[in-house]
Amino acid sequence: MPEKPAEHWYDGAAIAMVREGKTLFKYNVEKDLGLTSTECENIQRTKKFQEILRVQRNLYYRELAVDATLTKTAVEGQMIFAITKLLENGNYDKAVTAMVSLAKLKGWATDAASVNIFQQMTGGDITKLKETLAKQSAIKTQVN
């Protein structure tokens, strides 16, 4: 059986769900569409509604990604806000983990697993080191 065409209100409902965090049933009540919660659940499961919802999510995510006000400083502020909320709710372990992430973002800490031993070396230093290692390798090969 072919799927029914999208209702005219599907786009508006999907936008409200993505941007305002509303449920389809809440949108239904606000717009007085007269649907039951079961009907809303069934509509939400249809391929057509899922496609419209996916498109609206992607449009919203794209808008967020190209927002000129999204800077490193803004992200740091969001992290600080989230950390504060975690602390207020007693989620100390999650807050500490987030603090470590914030410290890394600000450059106060590095990941100990990714230490760059060549950080202070110039290109010339690395070339000389390669030559020395090649000579040592050649000597070992001759001895064996």
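Looking at the stretch 81-92, can you tell me whether even one residue there is of a type in the set (Asp, Glu), in a helix (DSSP H, G or I), at pLDDT 95 or above and farther than 30 Å from ILE15 by Cα? Yes, there is a match, as at least one residue in the stretch 81-92 is of a type in the set (Asp, Glu), in a helix (DSSP H, G or I), at pLDDT 95 or above and farther than 30 Å from ILE15 by Cα. Here ALA134 passes the criteria (1) of a type in the set (A, V, I, L, M, F, W, C); (2) under 36 Å from the mean Cα position of the chain (by Cα); (3) modelled with pLDDT of 85 or more except the one numbered (2).
The single condition among (1) under 22 Å from the mean Cα position of the chain (by Cα); (2) over 15 Å from TYR10 (Cβ atoms) that LEU59 does not meet is (2).
Evaluate the following for GLU63: is it over 30 Å from LYS104 (Cα atoms), assigned to a helix (DSSP H, G or I) and of a type outside the set (Val, Ile, Thr)? Answer is no for this residue. Please indicate, with yes or no, whether at least one residue in the stretch 20-41 is surrounded by 14 or more Cβ atoms within 10 Å (Cβ to Cβ) and small (Gly, Ala, Ser). No, there is no match, as no residue in the stretch 20-41 is surrounded by 14 or more Cβ atoms within 10 Å (Cβ to Cβ) and small (Gly, Ala, Ser). Taking (1) within 25 Å of GLU20 (Cα to Cα); (2) surrounded by 11 or more Cβ atoms within 10 Å (Cβ to Cβ) in turn, LYS128 satisfies each apart from (1).
The values are calculated or read from the model by the stated rules, or taken from the named source; none is laboratory data. Note that the structure is a prediction, hence the values are computed from the model and not measured. For neighbour counting, all protein chains shown are included, and Cβ atoms are generated from backbone atoms with ideal geometry for every residue, glycine included.
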